[in-house]
Amino acid sequence: MTDHDHHHDHDHSELSETELRVRALESVLTEKGYVDPAALDELIQTYETKVGPRNGARVIARAWNDPAYRARLLADATPAILELGYAGRQGEHIVAVENTPQLHNMVVCTLCSCYPWSVLGLPPVWYKAAPYRSRAVKDPRGVLDDFGVALPEGTKIKVWDSTAEIRYLVVPMRPDGTAGMSEEQLAELVTRDSMIGTGLARQPAEAA
Amino acid sequence: MDGAQDMGGVAGFGPVQPEPNEPVFHAEWERRVFALTMAMSRPGQWNIDMSRFARENRPKPDYLSKSYFQIWLAGIEKLMAERGLVAPEEIEAGKALLPRRDVPVLKADEVAAVLRRGGPSVRETTQPARFAVGDRVRMKTIDPPTHTRLPRYVRGHLGVIELLHGTHVFPDSNAMGKGEDPQWLYTVGFDGRELWGEDGDPALTVSVDAWDSYLEPA
C-alpha cells in the first residue's frame, strides 16, 4: 500500500490507533515539559496560514514582470527570494530553474520528500507518495499525463532529484495574453504544481 | 542503506493521484505529529540526517504500509527512545514513567526566529573542488548498510557535472553522529538512456545532487 492509498483508506480502526498513540505521546511530552503547547500551535499555524505556494507565486510573478529580478533569481535564487521576505527552513539553498518552449523542468525527491517549504509550504501527499517518487525520474511524461498535462512534441524534460539540501523552484512560462497585467494578477496564474513542474501556469481566461 | 525509501525508477506503484484543493493536513493527528516532530528537535538535539535515517531505517513492509506522517511518528519515537527522552512504555501508558531529562525546550516566542534561521547545510571551506562544470564522472557503486543519499538508480552510471554548490554537511556521516565531514556538493546530470536503457526517453535528462565521495572521474 502506498502513502497515497493510505490517506484514502477508510480503515477507521487503524487510524484510531494512530490517533490514540499521538494523543498519548503528546500527553507524555507535555507532562514532561519537553514541548510548549503554544509552540506547537504556532508551528501548525505557520504552515497552515503563512507559508504556502502564494509565496512562490509572488516570486514568479515578480520574475515575469521584472527582467532584472528574473536575472537575479536565476543567478542566485536564495537572496532573490529573500528580497520578497521569504527565507528559512527547507528554503536555505534554493536554485530556480526556468521553463522554456524547448525545456520543461520537474522536481522530485525520490528518497523522501524534500521540497522548498519557504516558497511552496508543505508538500502535497502525492509528492511524498511512492507513485510520484518512483516514476518522475523514469517516465515524467507519463506523470504529466496523470496531471492532465501534455507538452508539445519535442520538448525536452529535465528532472531534478533533490537528494541533498538544495531546493528547486520551477519558473513556469508566462502565459500569452498577459502583457500589462500587474504582479498581483500574474500571481493568480501561478499554481503550486506549475512551480513543481507537474503543471503549467493558468491561462488568463482560466483565472477569471 | 538499501531501503524502501529509495524509490527512483521502481516499478509497480501505479499512477500519481493528484488531489484538487488539498488541505495542508488531512487529520488533526497529522497536525500534532508535524508540530511535535519540529518541536522535539530542540530537546532531542538530533540533526536532519538522523531524522531521515530514523524514518527510513526500518523493514520495507513497515515503511511501505505506513502513511507519511505515520513514518514521522515512528521516526521521533525511535529518536526519543534512543536518547532516553520518552520510552515506548510511556507512550503505551500515556503518562510519564521515567524521570524528565534536563533539556532545552522550544518556546512559542522562538518559533518564528527558528523557522526563519532554518538549518543551512553549507560550510566554509578552503579545499578546492575536485570537479568543474562539464566534467564527466561515474557514480560509485556503493551500498552502505547505514544512511546514504546516493540513490540506487544512478549508481555506476556516467554523468556530467552541471552545478557546484560549495561544501555541504555530508549526510552519510552526519546521520551516524560521526561529524559533519563537509564535502563539495555537485549537481550531476544523466542522459535518460544512460539510466534506463535504449527504451528510455531520449529527450529526458535527470540530475541528482551528489557529494564528492559519491563520485569518481570518468
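The values are calculated or read from the model by the stated rules, or taken from the named source; none is laboratory data. Treat the numbers as computed from the prediction; the structure is a model and nothing was measured. Cβ placement follows ideal geometry from the backbone for every residue including glycine, while neighbour counts extend to all protein chains displayed. To get the accessible areas, we keep the full protein, side chains included, count just its heavy atoms, and leave off ligands, DNA and RNA. Shrake-Rupley method; radii C 1.70, N 1.55, O 1.52, S 1.80 Å.
Filter the stretch B:122-143 for residues that are of a type outside the set (K, R) and over 18 Å from B:V208 (Cα atoms) and give the result. Listed by number, the residues that qualify are B:E124, B:T125, B:T126, B:Q127, B:P128.
Answer yes or no as to whether B:T167 is open to solvent by 20 Å² or more (accessible area, probe 1.4 Å), in the same structural domain as B:W196 (by TED's automatic domain parsing) and modelled with pLDDT of 95 or more. Judged against the criteria, B:T167 is not a match.
Scanning the stretch B:142-159 for residues that are within 13 Å of the chain's Cα centre (by Cα) and either assigned to a strand (DSSP E or B) or over 16 Å from A:W160 (Cα atoms) (or both) yields a total of 3. Considering each residue of the stretch A:123-135 in turn, at least one proves to be free of Cβ contacts under 8 Å to residues at least 40 places away in the same chain and open to solvent by 40 Å² or more (accessible area, probe 1.4 Å). If we keep just the residues of the stretch A:17-73 that are basic (K, R) and open to solvent by 60 Å² or more (accessible area, probe 1.4 Å), which is farthest from the other protein chains (Cβ to nearest Cβ)? Here the answer is A:R62. The residues of the stretch A:123-148 that are closer than 30 Å to B:Q183 by Cβ, facing chain B (nearest Cβ under 7 Å) and not basic (K, R), listed by number, are A:A130, A:Y132, A:S134, A:V137, A:P140.
Given the residues B:E180, B:E162, which is the only one that is part of a strand (DSSP E or B) and open to solvent by 50 Å² or more (accessible area, probe 1.4 Å)? Criteria check complete, one pass: B:E162. Within the stretch B:77-102, the set of residues being open to solvent by less than 20 Å² (accessible area, probe 1.4 Å) and either under 22 Å from A:E92 (Cβ atoms) or not in a helix (DSSP H, G or I) (or both) comprises B:L79, B:L85, B:V86, B:A87. For the stretch B:114-147, a residue qualifies if it is facing chain A (nearest Cβ under 9 Å) and either among the hydroxyl-bearing types (S, T, Y) or loosely packed, with under 15 Cβ neighbours inside 10 Å (or both), and the qualifying residues are B:R116, B:R117, B:G119, B:P120, B:S121. None of B:D209, B:D109 is surrounded by 21 or more Cβ atoms within 10 Å (Cβ to Cβ) and within 12 Å of chain A (Cβ to nearest Cβ) except B:D209.
Beta carbons closer than 8 Å, at least 6 apart along the sequence or on distinct chains, pair a first residue in the stretch A:149-160 that is more than 7 Å from chain B (Cβ to nearest Cβ) with a second that is β-branched (V, I, T) for A:V149/A:T198; A:L151/A:I157.
Among the conditions (1) modelled with pLDDT under 95; (2) more than 11 Å from every other protein chain (Cβ to nearest Cβ); (3) closer than 17 Å to B:T205 by Cα, the only one that A:E206 does not satisfy is (3).
Is it the case that B:G197 is closer than 20 Å to A:T110 by Cβ, surrounded by fewer than 16 Cβ atoms within 10 Å (Cβ to Cβ) and not assigned by TED's automatic domain parsing to the domain that holds B:L79? Answer is yes for this residue. The set of residues in the stretch A:179-193 being open to solvent by less than 10 Å² (accessible area, probe 1.4 Å) and assigned to a loop (DSSP other than H, G, I, E, B) consists of A:L189, A:V190. Would you check if A:L103 is over 17 Å from the mean Cα position of the chain (by Cα), of a type outside the set (K, R) and away from chain B (no Cβ under 14 Å)? The answer is no for A:L103.
One line per residue, one yes/no per condition, for (1) open to solvent by less than 10 Å² (accessible area, probe 1.4 Å); (2) assigned to a strand (DSSP E or B):
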{"residue": "A:I157", "(1), (2)": "yes, yes"}
{"residue": "A:E165", "(1), (2)": "no, no"}
{"residue": "A:L169", "(1), (2)": "yes, yes"}
{"residue": "A:M173", "(1), (2)": "no, no"}
{"residue": "A:G177", "(1), (2)": "no, no"}
{"residue": "A:M195", "(1), (2)": "yes, no"}
{"residue": "A:R202", "(1), (2)": "no, no"}
{"residue": "A:E206", "(1), (2)": "no, no"}
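Inside the stretch A:161-195, residues that are within 14 Å of chain B (Cβ to nearest Cβ), closer than 13 Å to A:G56 by Cβ and touching a Leu at 6+ places or on another chain (Cβ under 7 Å) make up a count of 2. Being outside any helix (DSSP H, G or I), on the phi < 0 side of the Ramachandran plot and of a type in the set (A, V, I, L, M, F, W, C) is a property that A:A80 lacks.
Scanning the stretch B:30-76 for residues that are under 21 Å from B:F13 (Cβ atoms), touching a residue at least 24 places away in the same chain (Cβ under 8 Å), hydrophobic (A, V, I, L, M, F, W, C) and more than 8 Å from chain A (Cβ to nearest Cβ) yields B:F69, B:W72.
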